[in-house]
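Undergrad: Before we start, here is the structure in question, set down as structure tokens.
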Amino acid sequence: MRIRIFLFLVFFYPSFLFSDIFFFYEKKRAKISTVTKGDWVYVSLYDFKKVLNISFFKEKTKRRIILNFPEHTLTFVPDNPYYLLDNKGKKMFLPFVSIGGKSFVSLPDIETVLANATDKDVFYIGPLNSIVMDRITFNPDSIILKDEKEKVSFTLTSKTELITSIDDDKKGELKLTLYNAVCKPTLIPPSDGRGEIKKVLLQQEQDKAALSFIYDINKIEKIERELVSPGFSIRITFYKKKEKPPEEVKPKKQYFINKIVIDPGHGGRDPGAVGPTGLTEKEIVLKISMELKKILTKNGFTVLMTRDEDSFVRLRQRSRLANNSGADLFVSIHCNATGWRKQAGGFETFFLSTAKTSWARAVEAKENSVIEFETPDEKESPIEYIFYDLMQNLHLRESSDLADFIQESMAENLTIEDRGVKQANFHVMREIYMPSVLVEAAFISNKEEEKLLQKQSFRKKIARGITDGILKFKKIYEKKLNQ
Ligand SMILES: [Zn+2]
């Protein structure tokens, strides 16, 4: 206690330059003379007589000086730090001195000595150069320190209005200024002892008090000011940095290629290409797709269909279904046709890209013609096109590989011409945010192939070929993704 007061006074050392200090008590003001002895300022006890009604008595034989306050009796011996409070021994920080017949107690001790003698609160307020007894309304009334596991908080409460400001410009220091406030030094809480809040300093000025919270920037993460009761209570909370828990060994995320969207082309009012005998692309691709679904399901895949009946499905709906399903791959099934080269035949697989050859452009134009079946407002804006192209480009490599594997596997299952893998720019694939391919299974415009397409065994071979390609892709990419 005494040491703390001592620090407080040292803090205001410049005020020691005054030779007189004031004493305020019950609206009275008295001038108190001081002397400087060594490093310390001593306050004349005799001068308190004017307001405190003290009688002095000097014992000549024992050199004792007895001060009779109305409440208590103090007995001092010159040059001795011990004194008697009634019959109890007390010790001061510095010895009592008698100079020129006057009694002096050091400034660091005066608060305690006067408080003991009068049973009243006594404070030395440096900037006011005054000793104050029970006169000034102190605010705040209380400062409550709460030290919890995650935070340290200081709650200041006052009966009179608290006007505050916060200054946190200085690293490791938060300064809370209380305007029109005289803060009781005894309210200042000690540090929390663990070094999060190193200390709290009080700086009292004429019209304001500033509390400086000195904290460890390595231990405090965040500071919050909260008006508990606006104007009358404020809380400053220092949140402690959490000690890092030992890092958990996260199981590595495994990627699987399991969900496939099969997109049978055309449907409903869009028949697609029509063969020499009137066989429509829409009906044959649905049959191939159903076959493909069966085999993929047998192989453990989850299969989603953009259509499983003869219905018109907009391109936008197809891509939305694929994207919303969180599918891994998108396979669009079509049959080829040409009006100008009846003997053209074979199978080919496309992946999305800007079409490179005039043939690819022709196939692209044919499959994209479904746009004409859609009402104008269902078409995408040019900006969306660009965006979708960018999205799709993320999967260009995968789409290209998937197309290669499917084409290879189909070649192992089919005897018709292998036309290879091609790049084209199909609208249906533009909006698909996953590896996607478009399979042109055979030429419906070719008499022989139209016949083949009507055979379930041929359609099964196509489905088998596509499945094998997907299985190869799954094997290679799952290994790659989970490395
Ligand atoms: Zn088609």
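Undergrad: What is the number of the single condition among (1) away from the ligand (no atom under 15 Å from the Cβ); (2) at pLDDT 75 or above that Glu378 does not meet?
TA: Result: Glu378 passes all but (2).
Undergrad: Sticking with this structure for a sec: Residue check, Pro271 against (1) closer than 20 Å to Leu453 by Cα; (2) surrounded by fewer than 17 Cβ atoms within 10 Å (Cβ to Cβ); (3) more than 16 Å from the ligand (Cβ to nearest atom), all met but one. Which one?
TA: Here Pro271 meets the rest and fails (3).
Undergrad: Next question. Kindly provide the set of residues from the range 28-84 that are of a type in the set (Ser, Thr, Tyr) and surrounded by 15 or more Cβ atoms within 10 Å (Cβ to Cβ), ordered by number.
TA: Thr34, Tyr42, Ser44, Tyr46, Thr73, Thr75, Tyr83 - these are the residues of the range 28-84 that are of a type in the set (Ser, Thr, Tyr) and surrounded by 15 or more Cβ atoms within 10 Å (Cβ to Cβ).
Undergrad: Now for a separate question. Give, as residue ranges, the strands (runs of 3 or more DSSP E) completely inside the range 101-198 that count at least 1 residues that are surrounded by fewer than 17 Cβ atoms within 10 Å (Cβ to Cβ) and at pLDDT below 85.
TA: The strands (runs of 3 or more DSSP E) meeting that bar are 102-106, 142-147, 163-167, 173-179.
Undergrad: If you don't mind, another one. Filter the range 93-130 for residues that are of a type in the set (A, V, I, L, M) and free of Cβ contacts under 8 Å to residues at least 12 places away in the same chain and give the result.
TA: Ala115
Undergrad: Report, by residue number, each residue of the range 274-297 that is among the hydrophobic types (A, V, I, L, M, F, W, C), open to solvent by 70 Å² or more (accessible area, probe 1.4 Å) and either touching an Asp or Glu at 6+ places or on another chain (Cβ under 6 Å) or within 14 Å of the ligand (Cβ to nearest atom) (or both).
TA: Answer for the range 274-297, where residues must be among the hydrophobic types (A, V, I, L, M, F, W, C), open to solvent by 70 Å² or more (accessible area, probe 1.4 Å) and either touching an Asp or Glu at 6+ places or on another chain (Cβ under 6 Å) or within 14 Å of the ligand (Cβ to nearest atom) (or both): just Val274.
Undergrad: Based on what the data block shows, is Ala424 within 14 Å of Phe351 (Cβ to Cβ) and either surrounded by fewer than 24 Cβ atoms within 10 Å (Cβ to Cβ) or small (Gly, Ala, Ser) (or both)?
TA: In short, yes.
Undergrad: I'd like the residue in the range 434-463 that is over 60 Å from the mean Cα position of the chain (by Cα) and not in a loop (DSSP other than H, G, I, E, B) and, out of all such residues, is surrounded by the fewest Cβ atoms within 10 Å (Cβ to Cβ).
TA: Only one residue tops the list, namely Glu448.
Undergrad: Next question. Can you tell me which of (1) in contact with a strand residue (DSSP E or B) (Cβ under 8 Å, 6 or more places away or on another chain); (2) of a type in the set (D, E, K, R); (3) closer than 17 Å to Leu162 by Cβ; (4) at pLDDT below 85 is the one Arg235 doesn't meet?
TA: (4)
The values are calculated or read from the model by the stated rules, or taken from the named source; none is laboratory data. Keep in mind it's a predicted model, so treat the numbers as computed, not measured. For neighbour counting, all protein chains shown are included, and Cβ atoms are generated from backbone atoms with ideal geometry for every residue, glycine included. Quick note on the areas: whole protein, heavy atoms, side chains included, nothing else; ligands and nucleic acids left out. Shrake-Rupley method; radii C 1.70, N 1.55, O 1.52, S 1.80 Å.
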